[in-house]
Amino acid sequence: MRILIFIFFPLITFSQEVISSQGNSYTNSNVNIDFTIGEVIINTETDGTHYMTQGFHQTNWVFAGLENHTPNYEAIIFPNPTEESLNIKTSTYENVVYTLYDAQGKLIMQNELFEEQTSLQVDHLAPGKYSLVLNSKTEKLKTFSLIKHK
């Protein structure tokens, strides 16, 4: 038994390695680029549910769900991107609740709309990407992507 463990243990500890002629990594606040020259075979296969990637550099997958909304509900937000305040203009505001989430899905603020155009103060929020969701009591009406600047 000890001999089998001694033989198979190195296979378990086999780490990701690549022998290449060139490669590098570049990073700034928004983008991370890694590349390897000499890695001749890379591929990604999917059956719609499962993903299999091949190669030294692996993708960080981020999946976002898409939802159907009420198609005839009209609403706009402006200005987007914004710094201090955000305006929500809707065709119908009765029984409509707005909910603001940060990029991690954390609830930031929630309230009812009381008129066709509502102004939200967002100057206290950190710069970044937010999601604004408009809901009625029975359905999701509209979702917006909001960018907050300094």
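Rule-based calculations on the coordinates, nothing more; no lab input. Predicted, not measured: the structure shown is a model, and the values here were computed from it. Glycine gets a Cβ as well: all are built from the backbone with ideal geometry, and neighbour counts include every protein chain shown.
Results, tabulated for the structure shown:
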read-out	value
Furthest towards positive pole of dipole, GLN110, GLY128, ILE77, structure part segment 75-148, Cβ charges	GLY128
SER29 paired with GLU45, simple spin-label distance in nm, labels 7 Å along Cα-to-beta-carbon	4.2
About the Cα centre, charge dipole magnitude for segment 75-148 (Lys/Arg +1, Asp/Glu -1 at Cβ), debye	320
